[in-house]
Each structure stands twice: as structure tokens, then as C-alpha cells.
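The values are calculated or read from the model by the stated rules, or taken from the named source; none is laboratory data. Since the model is a prediction, treat every value here as computed from it, not as a measurement. Cβ sites come from the backbone with ideal geometry, for glycine too, and all protein chains shown count toward neighbours.
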Amino acid sequence: MLDDYVNRLMRMMGLSKYQLKAYLTLVERGPLTAVSLAKYANIPSSKVYSVLKGMVKLGLVDVDSSKRPEVFMAKPPKEVFGMVVSRINEVVERAKPMINTLQMVYEASNQRVVKASSETLFTVKGLQSTKNLVRIVIMGGARDISIAIPYEQLLDEEVLSMITEASGAAEVKLLVTRGLIDHAKALPPRVNLRVRDSMFGAGFIGNGVLLAIQYGADYLSLYSTQEYIIEIARTYFETLWRESEPVNR
């Protein structure tokens, strides 16, 4: 039970499976060399140094470089818990604008298609309506296009064709979840491709910004052409992009 609670807590910090195993092993066994940690935590020796480097950067692990080989030590769990609380508070504050946006989507969810409820944002319902807005956003002449897709239906032949055409005149960054890598690899090499394990929803940024959320078998999408909303979306996308893994093709 305690292990399950700790696992959930550590995942809230965005730790990978190996980072989680490494931290718990260091807590249980005390200071270890990288080789010993790989053995006890069942982490591939080819990955253990990169895992530890990331944990040192996150402030979860200290390293004693005066010893040869180096010895790694877990930060005290109470200290780590304080870091978790701090990060949760940061996430909550950043989420407030998104929650307000989702509230608008919720209130409109019983309508087939909702016209603009303000001059800033409007929502549409349905897969094809979402694809129509994708075309507007990425085929509108923007020089920089950023796309995040976790849904297979939004990376079908129709959308792949749009991305291919748009990439002929613009720099395109495409972020997908791991299950969509093979679909994305069908795109020309000029499309910059990265992958991550999960995403909240789909996003398209170019000549406007489009957020698409799947619920059940349908989609709700939020669209805006307001510059400050586009900039907020780009900032959030770039954060995801930096934290994601490049895909070699």
C-alpha cells in the first residue's frame, strides 16, 4: 500500500519508470554506485547514468564525486515531498486558464455546433468539424506550425496530407504519442518529429490555435485567432517539445 502511494506521488513529479525505481532503491539501500544501483533496481546499465543525471538535475539525488566510482544518495523523502507539493501548486496555478476554457466546452457540449460565444473563442463538436479547423489553422500561410496529436483519428490520411502540404512552405514541429510513431514516420523528413508517452489533448498552432479533446467517440474543439492565446499555446507546446524525445528517421 505504501509503495503504491509513493509511486503515485513520484509520478506526479513526472518521473520515468527507471527514475522511480532508482529513487526507491536508493531510499531502501542507501548510497550506491551507478553499477550497484543498476543491479539492485534492475535498470539497464546502458541507461543508469542518464537516469541518475536526470535525477540529480531534478534535485532528487545527490552525488559524491570525491569517491571513485561516484556514489549516489537519495534526497530525504520529506524534502522530496515538499518539492511535490510545490510542483502541484505550480500546476494548479497554470491550469486555471485551461479549466476556464474547459468550462466553456462543457457548457456547450450538448449542442451539435456552437457558434462563437465571444470574439475570443468558439467551439465546435465532431471529428470532421475539427478536421475542417485543422485545415484552417495549418493551411493558412503561417511560417511556423506546431502540432501535438495523441489521437489516431487526427493523424489519418487526410490530416497527414495537410501536414505534408503545409511543411512545403513552413517549419513544422509534430509531437505524437508512442502509439502513433509509425503513422508519423510516413511524413517527409522535413517535418520535425518528437514523441512523448502521453498528452492531455491534441493541439494545432499556426494561423490560429485549435485544441481538440476526445470524449467517448466524439471530439470537442476550441478555436481562436487571438494573438495572446496563440502565444500562450506556443509557450506550452515548446515546453512539451523540449521535454520530449526526438525521433530518428
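Looking only at region 112-131, filter to residues that are of a type outside the set (G, A, S) and surrounded by fewer than 14 Cβ atoms within 10 Å (Cβ to Cβ); which one of those is modelled with the highest pLDDT?
Here the answer is Q128.
If you take the residues of region 96-111 that are among the hydrophobic types (A, V, I, L, M, F, W, C) and within 24 Å of T177 (Cβ to Cβ), which of them is modelled with the lowest pLDDT?
So the residue we want is V105.
Of everything in region 31-65, what is closer than 12 Å to S16 by Cβ and surrounded by fewer than 15 Cβ atoms within 10 Å (Cβ to Cβ)? Give them in sequence order.
K47, S50
Output the residue which, of all residues in region 5-29 that are basic (K, R) and modelled with pLDDT of 85 or more, is surrounded by the fewest Cβ atoms within 10 Å (Cβ to Cβ).
Among those residues, the one meeting the criterion is R29.
If you take the residues in region 124-159 that are of a type in the set (S, T, N, Q) and under 23 Å from the mean Cα position of the chain (by Cα), which one is nearest to P246 (Cα to Cα)?
So, considering only residues that are of a type in the set (S, T, N, Q) and under 23 Å from the mean Cα position of the chain (by Cα), the one nearest to P246 (Cα to Cα) is S146.
How do the strands (runs of 3 or more DSSP E) wholly within region 158-223 filter down when requiring 2 or more residues that are β-branched (V, I, T), surrounded by fewer than 16 Cβ atoms within 10 Å (Cβ to Cβ) and outside the structural domain of I136 (by TED's automatic domain parsing): which remain?
Here the list is empty.
May I ask you to list the residues in region 195-229 that are more than 19 Å from L160 (Cβ to Cβ), modelled with pLDDT under 90 and touching a strand residue (DSSP E or B) at 6+ places or on another chain (Cβ under 7 Å)?
Correct list: S198, G208, D218, L220, L222, Y223, S224, T225, I229.
Within region 65-78, is there a residue that is touching a Phe, Trp or Tyr at 6+ places or on another chain (Cβ under 8 Å), at pLDDT 70 or above and farther than 30 Å from V159 by Cβ?
There is at least one residue in region 65-78 that is touching a Phe, Trp or Tyr at 6+ places or on another chain (Cβ under 8 Å), at pLDDT 70 or above and farther than 30 Å from V159 by Cβ.
Exactly one of these conditions fails for D62: (1) modelled with pLDDT of 90 or more; (2) within 22 Å of the chain's Cα centre (by Cα). Give me its number.
(2)
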